[in-house]
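Colleague: Take this structure first; my questions come after.
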Amino acid sequence: MPEPPNREDSMMAGTGPRDWVPPSRHPAPVVSLRMKRPRRRRVGGFRRGLALSLLVVPAATAAWVFLWQYGVISSIVAVLASVGALWLFRLGSAGPVSRRGAIAVTVVATLTVPIGIAAAVAFHAARGGGDILVALADWNAWLTTALVGLALGLTAMVPALWSATTGRTFSRAAELGISVLGLALAIAAQAFVPALTPATAEARLGYGFAVGDCASGEVAVQGVVQESTARLVPCSDPHFGEVVHVGTTHGRNGDGLFPGAEWLSLESQVQCTDPFGAYVGVPMEQSSLSRLVVFPTEAQWTAGERHLVCIVYDSAGDTVGTLRAAAR
């Protein structure tokens, strides 16, 4: 008697379920050749954060050179430099600011102030024909702005320092509020600090005066700068006059001896004639505006001052806006 076929033989013979296929006919599994790209990790660290924060130094220096003519209000640059250095460090480090990072950013923001002020002083000294070393040595003209800038810059660093030392963090709103407070204090300082920084004769004759600067108050009497009243202001504010020329002289015979106030006055007027016309837009003889010359006293001459300054002004009263190309 023949043996009955087993189940496997029946299936092989075609008697199994309809959805069954022989093992050899099963489709091969599809293997994708596309590999998933690994998720890129954000690279950061202390060195990268520090390198990025250093970018504020040239940017702040350029801003200070541009804003230096506006006096103490230029200290607003220190606030912006602190905020910018902190933000760049966070961007580069890809994480919260550590204690070492907070110290590094504070050092960067602090060093930005003297670097920016020194560059601004040197630039305006060269622009006005002054001695750069003498300008830098005259700390009366830049010390107050530097101190205000340092104070406001450190104020903007409070959130980072607090977080690094205590482990607690400020909210975004608190950080923004402190930054805005620093900016407000920088602007408010312009109204209160000028009284603390009277214009010295050396500052006004050396690097404080540059062509295009606007001066307020009683600038000079008989050619001598009035230290207690003369100060530089934005030309958009009411002002006495504008500087059209800053020149130098080495004396009557070039021997360095003091030539006398009368000779210096005449020399100043001679040097002033052409720059006056070029600045105002009409020759001095045809202009309704007046000129004021400033020259060193004998004591200032002995101290090394050699600058002659020419200022154009309207005898009718203070001017608002520039007299450049006024053609009158």
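The values are calculated or read from the model by the stated rules, or taken from the named source; none is laboratory data. Fair warning: this is a prediction, and the values are worked out from it, not measured in the lab. All Cβ positions, even for glycine, are placed from backbone atoms using ideal geometry, and neighbour counts span all protein chains on display.
Colleague: Looking at ASP274, ASP314, which is the one that is more than 20 Å from GLY247 (Cα to Cα) and among the acidic types (Asp, Glu)?
Modeller: Going through ASP274, ASP314 in turn, just one is more than 20 Å from GLY247 (Cα to Cα) and among the acidic types (Asp, Glu): ASP314.
Colleague: Any chance you could count how many residues in the stretch 80-115 are of a type in the set (Val, Ile, Thr), crowded, with 21+ Cβ neighbours inside 10 Å and closer than 17 Å to VAL65 by Cβ?
Modeller: 2
Colleague: Can you name the residue in the stretch 275-322 that is acidic (Asp, Glu) and surrounded by 15 or more Cβ atoms within 10 Å (Cβ to Cβ) and is also nearest to THR249 (Cα to Cα) among such residues?
Modeller: GLU305
Colleague: Answer yes or no: is there a residue in the stretch 262-274 that is in contact (Cβ under 8 Å) with a residue 40 or more places away in the chain and loosely packed, with under 13 Cβ neighbours inside 10 Å.
Modeller: no
Colleague: Continuing with the same structure: Could you name every one of the strands (runs of 3 or more DSSP E) located completely within the stretch 238-328 that has at least 3 residues being modelled with pLDDT of 85 or more and touching an Asp or Glu at 6+ places or on another chain (Cβ under 7 Å)?
Modeller: Result: 307-313.
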